[in-house]
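Accompanying notes for the structure given below.
The values are calculated or read from the model by the stated rules, or taken from the named source; none is laboratory data. Note that the coordinates shown come from a computational prediction; the quantities given were computed from them, not determined experimentally. Reconstructed Cβ throughout: ideal geometry from the backbone, glycine too, with neighbour counts over all protein chains shown.
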Amino acid sequence: MFPHSPGVYRYYDSEGNVIYVGKAKDLHKRVAQYFVDPARLNRKTRILVSKIADAQYSVVASESDALLLENNLIKQYKPRYNILLKDSKTYPWICVTADEYPKVFLTRRLVKNGSRYFGPYSSVMHARGMLDLFSDLYPLRTCNNKITSDAILRRKFRPCLEFHIGRCKGCCVGAVSRAEYAGYIDEIIRLLGGGGRDLIRHYKALMEEAAASLDFEQAAVYKEKMQVLEKHYSKSVVMNAAVNDLDVFSLVFEEGEAFGNFLRIKGGAIVQSLNLGFRIPIEEDRASVLSEFVAEIQSKFGTLSAEVLVPFLPDVEMEGVTFRIPVRGDKLSLLQLSARNAKEMQSNALRQREHTDPDSFHQKVLAELRDAIGMKELPVHMECFDNSNIQGTNPVASCVVFRDGVPSKKDYRRFKIKTVIGANDFASMKEVVNRRYSRMLREDPDDLPQLIVIDGGKGQLEFAWQALAELGLTERLTVVGLAKRLEEVIRVGDPYPLFIDRNSQALKLLQQIRDEAHRFGITFHRNLRSKAQLSSALREIKGVGEKTEERLLLHYGSVARIAAASEEDLAGFLGKPDLAHRIRVHLTGEDDGQ
């Protein structure tokens with residue numbers, strides 16, 4: 001029997017393996033939810049319950065303690081049905097060694113030897129930028145010598161090139177005191193802890209003090225350091241420095257996974273940033289996933305800041321921590337910055353997945369599109385139509401075909417509008433759709449698409465639907481319109497447009513096929529228009545017919561070259577001096593006196 005206390009429960013399978021670890025404010029009530037009414041559970045959770053052979057629990061003092069214990073047990077057992085960290089990347093840290101004359105360097109390995117570590121940094125460029133700042137401000141050593149007071153007294157080392165060019169003070173030969181060197185390290189630790197603004201104010205006070213004492217050389221040194229810091233933080237500060245130190249969490253969700261970003265702000269600057277991915281084997285609510293993210297960060301960095309910004313509240317309260325959802329100002333800007341980082345991680349993961357496993361990626365996108373539109377079948381075969389004309393001239397249409405989420409260019413088709421006069425996009429769309437699918441029904445009725453996309457609004461969609469209805473195809477396939485202005489999906493008979501998430505891969509696929517149809521159609525239209533303009537320039541001349549036009553273009557290559565030819569040359573080629581004269585006058589406006 002489980003107690004009415006906060007704690008952690010563990011489910012085991014028939015082989016004694018831990019398959020799920022969960023936290024609860026009330027163990028008895030939480031565990032009972034799995035077994036009292038299984039019909040209320042989602043499909044994945046019912047699968048989990050069917051594999052439970054035993055359960056155990058651990059009682060803790062508070063809900064926050066339960067969260068931390070759950071996090072540790074998940075790392076220990078790696079249960080199959082728990083939210084698991086997907087990101088295995090080792091992020092860099094800045095290390096300050098525990099030597100008498102410490103070194104400061106970048107590392108991905110944490111060694112318990114008394115050294116202090118700051119980070120991790122999700123951006124190596126950010127970490128290297130901090131190291132560049134330190135080298136500009138302080139003459140630190142970069143050698144691997146084990147420098148001690150005894151070694152200095154015994155003159156064990158000789159100064160290196162770094163000393164001679166002024167980049168190191170020469171601690172190996174006692175040219176700088178241990179106290180002075182320790183002062184450099186103290187200031188570096190302050191910078192790594194977010195004390196950049198305080199250090200700028202400190203240098204400003206020292207500069208003014210030195211200037212008042214007429215020590216202008218030392219004042220110039222302090223001014224240079226102050227300017228270096230100001231230049232660095234002009235790129236790093238993301239908010240008003242008067243805002244208290246705080247932490248920021250954001251999450252974006254994809255089917256079966258989540259991507260999170262964590263920012264730590266001190267003194268108005270980001271001092272830590274970390275991206276993490278989570279695999280979610282069973283359906284978990286957003287608040288629970290956020291709690292797991294918070295626990296993971298707490299296990300990495302220790303105590304959270306007193307104020308934590310979140311997009312929504314986690315399902316666990318923590319002593320000494322206030323969770324806030326900002327609605328305006330600098331704090332909202334910070335949350336939006338964190339969300340952009342999380343979305344960028346999501347985009348990178350999807351792009352990488354598309355390259356490593358394109359088939360799986362495209363199937364997932366097609367499933368997302370099917371669910372968004374409300375289709376029954378997966379749209380593995382999609383076709384899109386677009387009309388092109390300028391004031392009714394050379395009206396054409398295009399049909400592009402996507403199979404399994406990628407273009408199938410061999411199946412593209414172009415149409416010249418035959419039965420419609422003038423600029424009538426609606427009637428043109430009906431004609432083209434009717435021609436396309438009446439032919440498919442005759443030649444290959446088994447290759448009909450699951451989804452037809454019409455580039456346009458309600459008018460074009462309605463006429464396309466009429467053409468399909470006349471062919472008896474309205475029950476066999478789905479047709480939608482995609483209006484470019486707001487990227488809204490229009491469905492037949494639905495007065496309200498469907499807005500798909502602008503960041504979703506489903507909408508991006510619809511936009512891709514629509515843009516491809518537009519590109520293909522406009523290229524065809526331009527080619528026809530160019531040919532028509534060429535033809536009209538010669539055909540307007542009395543005595544020039546189709547065959548004469550063809551002979552001239554084959555011989556001279558272009559209308560411009562025909563116009564540049566002399567009348568004698570034209571007469572010699574055509575054998576008709578009068579026609580050569582008319583061509584010359586028409587194309588150039590010049591009359592040689594004949």
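Structure notes:
- Of the residues screened, V432 is not one that is touching a residue at least 24 places away in the same chain (Cβ under 8 Å) and either surrounded by fewer than 14 Cβ atoms within 10 Å (Cβ to Cβ) or of a type in the set (F, W, Y) (or both).
- Qualifying positions in segment 464-483 - in a strand (DSSP E or B) and under 19 Å from P445 (Cβ atoms): T478, V479
- Within segment 430-461, tally of residues that are within 36 Å of the chain's Cα centre (by Cα) and in a helix (DSSP H, G or I): 5
- Residue within segment 54-73 that is modelled with pLDDT under 80, surrounded by 17 or more Cβ atoms within 10 Å (Cβ to Cβ), closer than 30 Å to L140 by Cα and not basic (K, R) present: no
- Screening segment 502-533 for residues that are modelled with pLDDT of 80 or more and among the charged types (D, E, K, R) and picking the one that is nearest to G459 (Cα to Cα) gives R514.
- Applying a threshold of 8 Å to beta carbon distances and a minimum spacing of six or more residues, or different chains, the list of pairs starting in segment 500-519 at a residue that is within 16 Å of G405 (Cβ to Cβ) and ending at one that is among the small types (G, A, S) reads I500/A372; I500/A506; S504/A372; A506/A372; L507/A372; L509/G405; A517/S398.
- Segment 292-336 - residue that is at positive phi and free of Cβ contacts under 8 Å to residues at least 12 places away in the same chain and, of those, farthest from the chain's Cα centre (by Cα): G302
- Segment 1-25 residues that are over 14 Å from L73 (Cα atoms) and without any contact (Cβ under 8 Å) to a residue 40 or more places away in the chain, paired with ones that are small (G, A, S) and assigned to a loop (DSSP other than H, G, I, E, B) (beta carbon under 7 Å, 6 or more apart): S14/A53
- Criterion violated by V8 - all others in (1) at pLDDT 75 or above; (2) of a type in the set (V, I, T); (3) within 30 Å of F105 (Cβ to Cβ) satisfied: (3)
- Qualifying residue in segment 143-157 (condition: in contact with a Ser or Thr (Cβ under 9 Å, 6 or more places away or on another chain) and either among the hydrophobic types (A, V, I, L, M, F, W, C) or closer than 30 Å to F301 by Cβ (or both)): no
- Test: residue in segment 435-456 that is of a type in the set (D, E), modelled with pLDDT under 90 and closer than 20 Å to H362 by Cβ: yes
- Residue within segment 211-225 that is in contact with a strand residue (DSSP E or B) (Cβ under 6 Å, 6 or more places away or on another chain) and at pLDDT 85 or above present: no
- Residue-level analysis places L486 among those that are among the hydrophobic types (A, V, I, L, M, F, W, C), at pLDDT below 85 and either closer than 30 Å to V252 by Cβ or part of a strand (DSSP E or B) (or both).
- Meets criteria (modelled with pLDDT of 75 or more, among the polar types (S, T, N, Q) and surrounded by fewer than 12 Cβ atoms within 10 Å (Cβ to Cβ)) for S566: yes
- Residue in segment 250-272 that is farther than 15 Å from R340 by Cα, of a type in the set (D, E) and at pLDDT 85 or above present: no
- Check on T474, under 25 Å from V396 (Cβ atoms) and hydroxyl-bearing (S, T, Y): no
- Residue count for segment 130-164 under the criterion of being in contact (Cβ under 8 Å) with a residue 60 or more places away in the chain and touching a Lys or Arg at 6+ places or on another chain (Cβ under 8 Å): the result is 1.
- Residue count for segment 542-563 under the criterion of being at positive phi and modelled with pLDDT of 80 or more: the result is 1.
- Residue within segment 196-213 that is outside any helix (DSSP H, G or I) and out of contact with any helix residue (DSSP H, G or I) (no Cβ under 9 Å at 6 or more places or on another chain) present: no
- Output for segment 59-79, where each listed residue is in contact with a Lys or Arg (Cβ under 8 Å, 6 or more places away or on another chain) and of a type in the set (G, A, S): A66
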